[in-house]
Amino acid sequence: MIYLCERLQIDYPIIQGGMGNISNAQLTAAVSEAGGLGTIGCGTMTPSEVETIILETKKRTRKNFAVNIAINVSPYTEELINLVVKHSISVVSLSAGNPTPYIPRLHEQGVTVIALVASVRHARKAEAAGADIVVAEGFEAAGINSNLELTTFALIPQIVEAVNIPVVAAGGIGDGKGLAAALMLGAKGVQIGTRLIATIEAPFHEAYKNNLVRASDTETILIGRSVGRLRRVLKNPYAVKLDELEKLGLTLQQYGEMTSEKQHVKGAIEGDMDNGFINSGQIAGLIENIPTVNELLDGMMEEAGNQMDMKRKEFSGLQNKKRN
């Protein structure tokens, strides 16, 4: 945990997940200012759009932040690599594709490379390619998801055993208890996304935030299984319609059009729940308020520490009782 914080130049072992085309300087900077690693997700944005967010983020914070490039999602991967080098971004996370071709160049520039993985095999390949850190994301996570459908609780300890580089846990984590659990499973930190949506600084539509606060444990829905493009979203009229159309035989092209970044923006930014979707992980059922990012991260760290202290005392008590 300490090594991860030192490597990423952060105070808390908490990383913001990439949020694609709804990424923004305001939330990224707030996460970094609160002690975590803020992240700009490039999604399908043009290099010019991403550059604008980078420059705005640098105005808002002097602390470290990352840029996430979804390799097979963005049509501008090469240009985005050039962009992060141009602006001396010190941490880059690579997802949705093979990071191998890009790692050597990033290392030449002194960039720490994080690779997002969803299986032991992918983690080993990422380590062999030179990744410095892997984020292992379980099936509980929001947005584009792995077709392997491995849960965080099962995935993390297996990847920890399989690689020698730091492992960060993602998927279904949004409070101190989740942070403590991830650390006990061998992770060095966590990556969170959905929980950060419901914060004061997050410039998303109030309908999105309020739906997360009201959500129950069964409020997320998986779409895209029939076309091999899994995505976890929060139930709303548009998601229900998508689910129904998929059962009727939605084609991959139709699915792609209906789950484009444009439709995500409609739901998340414009609050149009009839014509746009909103990503959400299964952690939604635990979201009960809308704090500041600083309150959230401080609270997570305090709760994790208290939780581990309490369980340590309980464990010691059981051992002593057995001995006596």
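The values are calculated or read from the model by the stated rules, or taken from the named source; none is laboratory data. Predicted model, so just to flag it, every value in this text is computed and none were measured. Heads up, the Cβs are rebuilt from the backbone with ideal geometry, glycines too, and the neighbour counts pull from every protein chain shown.
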Counted residues, region 166-201 - those being among the charged types (D, E, K, R) and part of a helix (DSSP H, G or I): 2
Restricting to region 76-118, count the residues that are free of Cβ contacts under 8 Å to residues at least 60 places away in the same chain, small (Gly, Ala, Ser) and under 19 Å from Lys188 (Cβ atoms). 2
Within region 86-135, count every residue that is small (Gly, Ala, Ser), at pLDDT 95 or above and not in a loop (DSSP other than H, G, I, E, B). 6
Checking Ile283 against (1) surrounded by fewer than 19 Cβ atoms within 10 Å (Cβ to Cβ); (2) within 24 Å of Glu219 (Cα to Cα), only one condition comes out false. Which one? (1)
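Could you tell me whether Glu314 is surrounded by 17 or more Cβ atoms within 10 Å (Cβ to Cβ), without any contact (Cβ under 8 Å) to a residue 24 or more places away in the chain and either over 27 Å from Ala34 (Cα atoms) or more than 21 Å from the chain's Cα centre (by Cα) (or both)?
Considered against the rule, which asks whether it is surrounded by 17 or more Cβ atoms within 10 Å (Cβ to Cβ), without any contact (Cβ under 8 Å) to a residue 24 or more places away in the chain and either over 27 Å from Ala34 (Cα atoms) or more than 21 Å from the chain's Cα centre (by Cα) (or both), Glu314 comes out as no.
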Scan region 186-208 and give yes if some residue there is touching a helix residue (DSSP H, G or I) at 6+ places or on another chain (Cβ under 9 Å), surrounded by fewer than 22 Cβ atoms within 10 Å (Cβ to Cβ) and of a type in the set (S, T, N, Q), otherwise no. no
Ser226 passes all but one of (1) on the phi < 0 side of the Ramachandran plot; (2) in the same structural domain as Leu252 (by TED's automatic domain parsing); (3) surrounded by 20 or more Cβ atoms within 10 Å (Cβ to Cβ); (4) free of Cβ contacts under 8 Å to residues at least 60 places away in the same chain; which number fails? (3)
Across region 151-173, which residue is farthest from Thr220 (Cα to Cα) among those that are within 16 Å of the chain's Cα centre (by Cα) and among the aliphatic types (A, V, I, L, M)? Val167
Whether any residue in region 202-223 is touching a residue at least 12 places away in the same chain (Cβ under 8 Å), in a loop (DSSP other than H, G, I, E, B), hydroxyl-bearing (Ser, Thr, Tyr) and under 30 Å from Lys311 (Cα atoms) is what I want to check. yes
With the condition kept exactly as written, say whether any residue in region 1-19 is under 25 Å from Ser146 (Cβ atoms), among the aromatic types (Phe, Trp, Tyr) and surrounded by fewer than 20 Cβ atoms within 10 Å (Cβ to Cβ). no
Selected residue (only one of Glu149, Glu161 is among the acidic types (Asp, Glu), modelled with pLDDT under 95 and in the same structural domain as Leu8 (by TED's automatic domain parsing)): Glu149
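Just for helices (runs of 4 or more DSSP H) wholly inside region 226-324: which have at least 3 residues that are touching an Asp or Glu at 6+ places or on another chain (Cβ under 7 Å)? Break it down stepwise before answering.
On the way: elements: 237-247, 252-258, 261-268, 293-323.
Here the list reads 293-323.
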Which listed residue, of Glu270, Glu261, Glu257, is more than 30 Å from Met1 (Cα to Cα) and modelled with pLDDT under 90: Glu261
